[in-house]
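Derivation of every value follows stated rules applied to the coordinates shown; laboratory data play no part. Because the structure is a prediction, the values reported are computed rather than measured. Using ideal geometry, Cβ is built from the backbone for each residue, glycine included, and neighbour counts are taken over all protein chains shown.
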Amino acid sequence: MSRSAVAVAAALAAALAGACGGGDARAPAVASSTLQATLVDPDGDGALARGPGEPLVDRTDVGGGGGRAGAVLTTLVQITDAHVRDEESPARVPFLDRLGGVFQSTFRPHEGLSPQVLAAAVRAVNRFGPDGVLVTGDLIDSNAEAELDQALAVLDGGTVDPDTGAPGYDGVQAADDPDPLFYRPDLDAPRHPGLLAAAARPFRSPGLTAPWYPALGNHDLLVQGETPPTARIDAIATGTRMVVGLDPDLRPAEGVDTAQAVDALLAEGAPGRSLEVPADPARRHLRPAEVIARLTGRERSPAAVRGAAGRPTFDYAFDARGGVRVLVLDTVDRRGGSRGLLRGAQLAWLRNELERAAGRPLVLFSHNPLDSTDGGQEALAALDATPGVVAAIAGNAHRNRIEPRRTAAGGYWQIGTSSLADHPQQVRALRLRRSAGGYALETWMLDHDGGGPAGPARELAFLDAQGGRPQGFAGAREDRNARLFVPAS
């Protein structure tokens with residue numbers, strides 16, 4: 001099923017036709033913790049409304065004794081998979097979405113609203129007031145300089161200009177685009193007239209008030225998260241020809257992955273229906289060293305992160321409040337593809353850091369979950385043998401999950417968090433406490449505040465056939481709001 005108006009069921013159209021431009025009137029106007037309230041669809045009509053909160057579920061799968069949690073050691077927030085994107089770039093391939101398989105998610109109906117969604121999440125995080133924020137990869141969508149400019153402006157604070165090329169929108173969601181694959185907010189249900197114009201306007205972001213620490217994701221270093229940047233792809237990105245449609249009968253050859261298919265497409269001159277768009281040199285793709293330099297050279301960059309820039313991979317450690325040790329791993333395979341990779345030197349670094357931190361409460365963050373990363377089993381084995389490990393926390397899958405990792409000494413938790421790119425557009429709060437038997441990691445979700453274009457973005461993400469509610473990305477209640485006990489070392 002495509003991400004077009006056709007994919008939005010006809011039964012929803014009447015219910016949503018009145019929600020032009022501002023999102024559903026029943027949605028809360030301020031940032032909300034899922035401990036106090038949730039966003040639900042009680043009638044099944046596709047319109048979100050305020051629902052009851054979800055108290056924490058106590059989980060003692062790995063021991064730890066349960067019972068009353070004690071003093072707070074530190075509070076953190078995880079933001080992941082924001083996918084801030086330049087939807088007007090000629091290097092984008094949204095038309096491949098209709099091929100399905102590995103090509104799905106190349107288009108989202110709310111794709112032009114990504115910086116506003118991230119800014120709405122920043123405001124929600126600031127209301128919570130954590131000690132630190134972990135941004136666990138895929139901060140941007142396609143390794144473009146313009147995307148990183150926008151994302152850093154949102155997170156560090158200041159004026160964000162989401163428009164590239166010439167003023168105004170140039171792309172596949174324009175009202176005069178005839179392809180039914182693409183949702184056109186001025187015409188298609190749920191209608192949001194003027195949404196594209198609103199999405200292009202500069203706005204101010206308050207920036208995160210807590211220090212934030214980045215981890216690299218595949219979309220941060222690879223074009224469309226799949227292929228390394230090349231001169232040929234850069235020429236397309238900074239050029240004036242935007243391909244908006246291919247032959248509907250086009251199918252990739254068997255066994256050809258996304259990176260190979262895109263490269264072959266560009267080598268043939270990207271045949272198909274196209275638009276002439278204004279060129280923009282800021283659409284060029286960045287090389288890994290440039291991305292790391294931008295992330296570590298920020299004016300508000302914590303010193304511990306800035307010191308990591310000289311490493312060939314972006315792995316580092318820092319101390320959070322309460323004596324908590326935090327490790328961050330770089331799982332991007334520079335050769336291409338979305339599967340994670342840990343190299344031998346990284347595993348050696350990890351083992352050394354674990355030995356130094358043994359006995360202290362320790363949390364590890366990465367973009368790819370370790371159990372779906374080449375070299376990840378070795379990393380998990382090192383964590384298994386280390387006293388004090390509380391959790392290994394990741395993004396990438398766009399899905400909430402909390403699973404126990406049992407060891408001879410008890411174990412720890414593997415946590416995955418849903419994305420800002422897809423439903424439910426939430427971030428994860430983390431509060432680590434002492435407990436009678438060791439530690440208790442309390443975690444729950446924060447909804448963004450729905451301000452401005454972020455409101456329609458949440459509505460569209462919920463309705464999206466490929467990334468919305470049918471996929472179950474929100475997980476079960478015990479994957480969202482839980483008190484996770486860990487035994488003492």
In nm, spacing of pseudo-spin labels at Gln471 and Arg300 (7 Å Cα→C-beta vector): 2.9 nm
Difference of contour (0.36 nm per residue) and Cα-Cα distance, Ala293 to Ala279: 2.5 nm
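In whole percent, what relative contact order does segment 5-487 give with Cα contacts below 8 Å and a gap of six or more residues? Don't jump to the answer; show the numbers that get you there.
On the way: 1166 pairs, mean separation 119.5, N = 483.
Relative contact order here is 25 percent.
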Interchain or long-range residues, amide H under 5 Å from Phe314's placed H: Asp330
Bins of 20 Å, starting at 0 and running to the largest distance - Cα pair percent for segment 5-487: 25, 57, 17, 0
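For Val72 and Asp176, what is the calculated FRET efficiency with R₀ set at 56 Å and r taken between the beta-carbons, to the nearest 0.05?
Values: r = 55 Å, r/R0 = 0.98.
Result of the calculation: an efficiency of 0.50.
Taking segment 285-369, which trypsin sites (Lys or Arg not before Pro) meet the DSSP loop condition and have no more than 13 other C-beta atoms within 10 Å? Write down the numbers at each step before the final one.
Working: sites: Arg294, Arg298, Arg300, Arg306, Arg321, Arg325, Arg334, Arg335, Arg339, Arg343, Arg351, Arg356; in loops: Arg298, Arg300, Arg334, Arg335, Arg339, Arg343.
Loop-located and lightly packed - Arg300, Arg335.
Once R0 is set to 30 Å, what does the formula 1/(1 + (r/R0)^6) return for the Cβ-Cβ distance between Asp371 and Arg204, expressed as a FRET efficiency to the nearest 0.05? Before the final figure, lay out each step's value.
Numbers: r = 40 Å, r/R0 = 1.34.
Using R0 = 30 Å, I get an efficiency of 0.15.
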Two-site label geometry, Arg127 and Arg232: point separation in nm, points 7 Å out along Cα→Cβ: 4.8 nm
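Express in nm, to one decimal, how much length is gained between Ala385 and Ala436 on full extension, taking 0.36 nm for each residue of separation and deducting their alpha carbon distance.
On the way: separation 51, 0.36 × 51 = 18.36 nm, distance 2.21 nm.
Fully extending the segment from Ala385 to Ala436 adds 16.1 nm.
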In Å, descending, principal axis extents of the Cα set of segment 404-483: 46, 24, 16
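Using r as the Cβ-Cβ distance of Asp161 and Gln36, and R0 as 30 Å, what FRET efficiency do you calculate, to the nearest 0.05?
Values: r = 35 Å, r/R0 = 1.15.
The calculated FRET efficiency here is 0.30.
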Per residue, the convex hull volume that the Cα atoms of segment 324-441 enclose (Å³): 99 Å³
